[in-house]
Every structure is written in structure tokens, then in C-alpha cells.
Amino acid sequence: MIHTILRVMTSISSDGRGVDSALDPSAEQIRDMGGRAIEWIAAYQDSIRDLPIAPRTSAAALKELLAEPLPVEGRDFADLLQVFREVVVPGSRHNGHPRFFGYVSAPGTAVAAVADLLASALNANLTAWRSAPAPAELEHLAIDWIKEAIGCDPGAGGLFMSGGSMANFTALAAARHRHCGDTIASDGMAAHPAPLRVYASTETHHSIHKAAALLGIGRTNVREIQVDARFRMDVNALVRAIEDDRTAGAEPFCVVANAGTVVTGAVDPLAEIAEVAREYGLWMHVDACYGGFARLAPSARALFDGLSEADSISLDPHKWLYLPADCGCLIYRDPEAARPAFSLDADYTRVMQTEPAEAFAFWDYGPDLSRRFRALKVWMTLAHAGSRTVSDAIESNLDCARHVAELIDDSVDFELLAPVELSIFCFRYLPPSARAGSRSQADEEQLDRLNERIMVLLQQAGSSYLSNATINGRFALRGCVLNYRTTRRDMQILLDDVRHAAEQAIEETR
Ligand SMILES: *Cc1c(COP(=O)(O)O)cnc(C)c1O
């Protein structure tokens with residue numbers, strides 16, 4: 001009761017504001033919220049190396065701490081920040097820890113966190129140039145810098161979106177529209193009787209299959225092409241598949257090449273695939289979500305020859321540009337070739353400007369209408385760090401992966417399971433007793449189980465974190481170095497941590 005009266009009084013006394021100060025705080029209140037939040041950010045960044053990487057918690061425990069009915073009356077920001085500090089933070093996995101090697105996960109940057117705060121405060125909505133003139137220009141600029149980083153032609157263009165899955169989806173939609181024209185868009189799949197075919201290696205990310213499913217192309221119409229010993233697409237097999245499909249009356253329309261697969265980091269032979277795409281009139285899409293920015297590192301650059309010939313390229317600045325989620329990106333070699341797939345007519349999308357740069361609308365190049373100001377964190381991170389620092393950090397990540405591969409090769413208790421192409425390494429613990437002589441299927445299965453247990457124990461211990469992969473049918477411990485904080489020393493600590501987990505796992509079976 002007293003609480004309610006006090007709140008009513010605050011809202012009346014709030015110098016001319018029409019609503020409660022929780023929605024429309026004074027400058028002083030904003031400074032107070034911001035100060036406390038920034039204080040937390042600084043302390044978090046400072047201590048991240050010492051935190052246990054993954055929380056040991058459960059959904060039930062978290063619900064117990066968090067769940068409550070929708071509050072009718074609000075409470076102080078300080079209270080909410082306390083819940084954030086005491087429940088949310090300890091219940092989170094710390095992806096910025098230098099020995100978090102799971103999946104393909106960026107650490108975030110402090111300047112991008114601040115940029116996201118500013119972007120939300122400005123609340124620009126980048127539907128079209130007219131809605132956010134300077135933010136739209138900044139997005140064009142950030143895209144130009146990314147084009148330069150990965151070696152695209154000046155005529156290319158693109159936009160930011162939520163992530164790589166959306167970028168892959170959007171690229172396939174553009175590719176399908178170029179092949180089918182407006183028929184499917186207007187009358188549905190039935191209007192195009194011949195089955196469409198997409199080609200991608202067996203190592204391709206599942207978001208390509210998901211896109212094919214959602215677009216009505218069908219998952220089974222993604223033909224999986226076999227790979228060589230380095231997990232790169234076999235281009236002769238690609239040509240055979242295209243020829244076979246044509247003979248059978250199907251319509252090949254798109255080939256997806258990988259510039260860094262998620263399992264082993266393989267980069268498909270891009271220039272050769274581009275040649276095949278040209279010869280057969282296919283849209284070439286490159287999924288460079290994980291690997292694309294490694295072109296900034298001199299030691300990896302040659303792998304990306306041919307990338308600029310792609311019709312579209314998916315990238316994830318929230319991976320190897322180190323940005324916090326979310327930030328995906330799609331680049332078209334010729335944006336005008338993609339436009340017919342997305343442009344639409346509605347009163348609210350009618351553009352009155354006549355100057356082409358001012359008539360520009362992002363909605364003509366992808367599925368989104370409202371879009372947040374992701375470009376600010378891309379621009380701020382790149383402009384603040386400079387390309388040399390980013391390139392050095394990526395080179396250092398590559399060096400860490402090569403270093404751990406050498407340590408594994410030189411060890412008596414580990415075995416590398418795939419070549420290290422970029423910053424992903426796949427290996428397993430192999431007790432010296434299992435090393436000698438040949439292994440039966442049962443021995444292999446036992447090794448799978450042992451390594452799976454090692455991974456779980458490693459994750460629980462909290463000092464290093466690996467995820468898993470299946471390599472030629474075997475369970476692999478898989479790591480991806482994607483953090484500017486990671487050093488060679490961390491790679492040595494990782495192997496010590498894995499050894500410790502292995503001892504524990506073996507002890508358990510005694
Ligand atoms: C991460 C990734 C994706 C999916 O991207 P999201 O941003 O997670 O949606 C697709 N392909 C590759 C190669 C990736 O590494």
C-alpha cells in the first residue's frame with residue numbers, strides 16, 4: 001500500500017513526465033543505472049579468465065531462483081541487477097573464457113557491448129535509408145570493410161542479419177528465385193514441377209538443409225557430395241552428380257561451398273567449384289560463417305582464392321570478428337540479381353526519394369523489415385581495433401590450433417583425428433596400451449565411450465571446454481580457437497586438463 005502511494009507520488013513529481021519514471025527515468029536515474037551496469041562489465045571482463053567456464057546447474061534450480069508471476073508493481077533497477085549478478089551470471093556459460101573451445105563461439109568485445117547499448121538507446125530501425133540515414137550509411141560502410149577483408153569486388157553489396165542460418169536461408173531464396181523467376185513466389189512450389197537440386201558437401205552445416213526444407217525445395221534435394229581426405233568437396237563427384245541429375249530430369253540450380261566447415265574447418269576448392277558453377281549455370285553460395293574472416297590472416301589467405309566469384313557469401317561477424325551475438329551477414333556479388341526475390345509492394349514500403357542512395361531499402365535484399373542497428377558494433381570494433389589487430393588475433397588463433405596439433409602429434413597419449421585447416425582441432429585420448437597393434441570394432445567403441453566421458457568430466461571441471469564431433473564414425477574431442485585472449489600456454493593447459501579428465505574417467509571404470 002505504502003509502496004503504491006510512493007510510486008504514484010514519484011510519477012506525479014517527475015517534472016512534467018506523463019508516466020512512471022521506470023519507463024521514463026530522469027537523466028540522473030539513467031546515469032545511476034548505466035554506472036552500475038558498466039561497473040559490472042568492467043569487473044566481468046577483468047575476471048573472466050578465472051571463472052569456471054560452464055555452470056553446474058539445472059533447469060529446475062534456475063526456475064526456482066527466477067520464476068515469479070508477472071509483477072504488477074515494478075521494482076528498482078538495483079534489485080534487478082542483483083538478480084543478474086547473483087543468478088544470471090553464475091548460471092551462464094562464459095564464452096569469453098580463453099579456454100572455451102566449444103562449437104564456434106566468439107568472446108564478444110567490450111567496445112561492441114558498449115556499441116549495442118548505444119544502438120538500443122538511439123533505437124534506429126534500419127528498414128530503409130529514409131528511416132535511419134546515418135545508420136544505413138554506416139551499415140554500407142561496415143559491409144564495404146567486410147568486402148575488403150574477404151576480397152570481394154567493389155560492386156558487391158549486402159546486409160547484416162541475425163546469423164549465418166538466416167544468411168544461408170536468404171541466399172538459397174535468392175538462388176531459387178533467379179532460377180525459377182516469380183512463378184514459385186507467386187503460385188507456390190506446385191507451379192514448378194521439376195525437382196530442384198542443391199549441391200553441398202557431406203560436411204555442410206545443417207542450416208543449408210533446414211533452409212531447403214523451409215523454402216519447399218526439400219531436404220532430400222540437397223545432394224551431399226563426398227569429400228577428400230582433408231574433408232574438402234570432391235569436385236569430380238560434384239560434376240557427376242550434376243550430370244546425373246540433369247539426365248534424370250531434375251534441375252540443378254545452386255552449389256554451396258564451404259569456407260571453413262564446422263566439424264574440421266575444411267575449405268572447399270572454391271575456384272574449381274566456381275568454374276563448375278559457371279559451366280552449369282548454377283548460383284554459387286559460399287558458407288563462410290566460421291572461416292571467412294580468416295582471409296585476414298596471411299597464413300590462411302590462399303585458401304580463399306575464388307571466394308569473390310561466389311554469387312553470395314554468408315559470414316558471421318559474431319564468430320571470427322569476435323563480436324557478441326547476434327550478427328550475421330550476407331554479401332551478394334550482384335545485389336540487383338537478388339533484389340527480385342525480396343522486393344514487395346505495400347503502402348508502407350513505398351519510397352518517395354528519387355536519389356538512388358536515398359531510395360535504398362534493406363527489405364529489398366532479405367526477409368526482414370525491422371532491423372536493429374548491428375552495424376554500429378561492427379563499425380566500432382573494426383574502427384577501434386583496426387584491421388591489423390584483428391588480423392594478428394586471427395593469426396594467433398590459427399597458431400594456437402597448429403601448436404596444439406603439434407603437441408598432440410608429439411604425445412604418446414593423444415591422436416589427431418583430422419588435419420588442422422584453420423583453428424579447429426579434432427583429437428582423442430588414446431591410452432598408450434591402445435596404441436600398439438590393431439584395434440577391433442569393440443576397442444574402437446570403448447575408445448568412443450572413454451572420450452565421451454572425458455569430455456563430460458572436462459566440461460564439469462570448468463578449467464577448459466571442448467565439444468564433440470564424429471570423424472569417420474569415431475567420437476572426437478573437438479575444439480575451435482576463436483578468442484583473442486587465448487595463448488599457446490592455454491593450449492598446454494587444455495591438454496593437461498584433458499589428461500586429468502582421462503585419469504578420472506579410467507579410475508571410474510576400475
Ligand atoms: C555457425 C555456422 C552457421 C550457422 O550460423 P548461426 O549464426 O549460428 O545461425 C552456418 N554455417 C557455418 C559454417 C557455421 O559455422
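Each reported figure results from applying straightforward, stated rules to the coordinates on display, with no laboratory input. Keep in mind the model is a prediction, meaning the values are calculated, not measured. For neighbour counting, all protein chains shown are included, and Cβ atoms are generated from backbone atoms with ideal geometry for every residue, glycine included.
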Inset, instruction - Could you run the Karplus curve 6.51 cos²θ - 1.76 cosθ + 1.60 with θ = phi - 60° over region 149-165 and give me ³J(HN,Hα) per residue in whole Hz, x for Gly and Pro? - result: 4, 9, x, 7, 6, x, x, 6, x, x, 7, 8, 8, 5, x, x, 5
Legend entry - Value of Rg to Rh for region 389-508 (Rh from inverse mean 1/r over Cα pairs, i.e. Kirkwood): 0.97
Legend entry - Spin-label model distance (nm) - residue 26 vs residue 343, 7 Å beyond Cα toward Cβ: 5.3
Inset, instruction - For region 115-385, calculate the relative contact order in percent as a whole number, restricting contacts to Cα pairs under 8 Å that are 6 or more residues apart. - result: 29
Inset, instruction - Work out from phi, with θ = phi - 60° and the Karplus expression 6.51 cos²θ - 1.76 cosθ + 1.60, the ³J(HN,Hα) of each residue of region 460-473, listed in order in whole Hz, and give x for Gly and Pro. - result: 5, 5, x, 8, 9, 9, 10, 10, 10, 8, 10, 10, 6, x
Legend entry - Fewest-first ranking of 475, 427, using other Cβ atoms within 10 Å as the exposure measure: 475, 427
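Fewest first, what order do 210, 147, 319 take by the number of other Cβ atoms within 10 Å?
Fewest-to-most ranking of 210, 147, 319: 210, 147, 319.
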Inset, instruction - Determine, for 500, 318, the number of other Cβ atoms within 10 Å of each Cβ, and report the residues in order from fewest to most. - result: 500, 318
Legend entry - Dipole magnitude (debye, nearest 20) for the chain, charges at Cβ of Lys, Arg, Asp, Glu: 540
Inset, instruction - Run through the DSSP bridge list for region 115-385 and note the antiparallel percent, rounded to the nearest 5. - result: 40
Inset, instruction - List the equivalent ellipsoid semi-axes of region 115-385 in whole Å, largest first, each obtained as the square root of 5λ for an eigenvalue λ of the Cα gyration tensor. - result: 30, 24, 14
Inset, instruction - Restricting things to alpha carbons, find the Rg to Rh ratio for the chain using the Kirkwood radius for Rh. - result: 1.01
Legend entry - Average Cα contact separation per residue, region 204-282, under 8 Å, 6 or more apart, as relative contact order %: 25
Inset, instruction - Could you pull the Cα extents of region 339-403 along its three principal axes, largest to smallest, in whole Å? - result: 57, 23, 19
Legend entry - Packing rank of 150-161, 377-388, where each peptide gets the mean count of other beta carbons within 10 Å, highest leading: 150-161, 377-388
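For region 123-189, how big is Rg over Rh, using alpha carbon atoms and the Kirkwood form of Rh?
1.05
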Inset, instruction - Return the aspartates and glutamates within reach of residue 147: Cα separation strictly under 18 angstrom, same-chain partners fewer than 8 residues apart disregarded; answer none if there are no such residues. - result: 137, 139, 287, 305, 309, 311, 316, 334, 336
Inset, instruction - Quickly work out the residue 58-to-residue 463 label distance, labels modelled 7 Å from Cα along the C-beta direction, and quote it in nm with one decimal. - result: 2.8
Inset, instruction - For residue 210, list the lysines whose Cα falls under 23 Å from its own Cα; do not include residues on the same chain fewer than 8 positions away. - result: 319
Legend entry - Förster-model FRET efficiency, 45 Å R0, residue 446 and residue 83, C-beta, rounded to 0.05: 0.50
Legend entry - Kirkwood-type radius of region 136-290, with distances r between different C-alpha atoms, in Å: 16.2
